[in-house]
C-alpha cells in the first residue's frame, strides 16, 4: 500500500486522473524514497559526508533522462 499521495501532471500540465496510473506512480515514488534513504544511511554509517552523498544523488537525478525511443 502506497504511503504517498502526490498530484501527478502530464506534459500538457493536466492532472493524471487514472487511479491505476496514480497508484503505480505513488508506489514507485515510495520505493525510490526508501532506496535513497538506505543509500544515505549506509553512506553516513560508512563515514561519508551526508551533504556530499545528497549532492551525488542530486547530480545523478539530473543526469537521468527518458530511456525509451520517442
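As a length-normalised measure over Cα pairs under 8 Å and 6 or more apart, the relative contact order of the chain settles at 22 percent. Using alpha carbons only, the radius of gyration of the chain set against its Kirkwood radius gives Rg/Rh = 1.07. For the chain, modelled as a Gaussian network with Cα springs under 10 Å, which listed residue fluctuates most, 28, 59, 12? Judging by the Gaussian network model, the answer is 12.
Every read-out reported here was derived from the displayed coordinates using simple, explicitly stated rules and does not represent laboratory data. The model shown is predicted, which means the values in this text are computed figures rather than measured ones.
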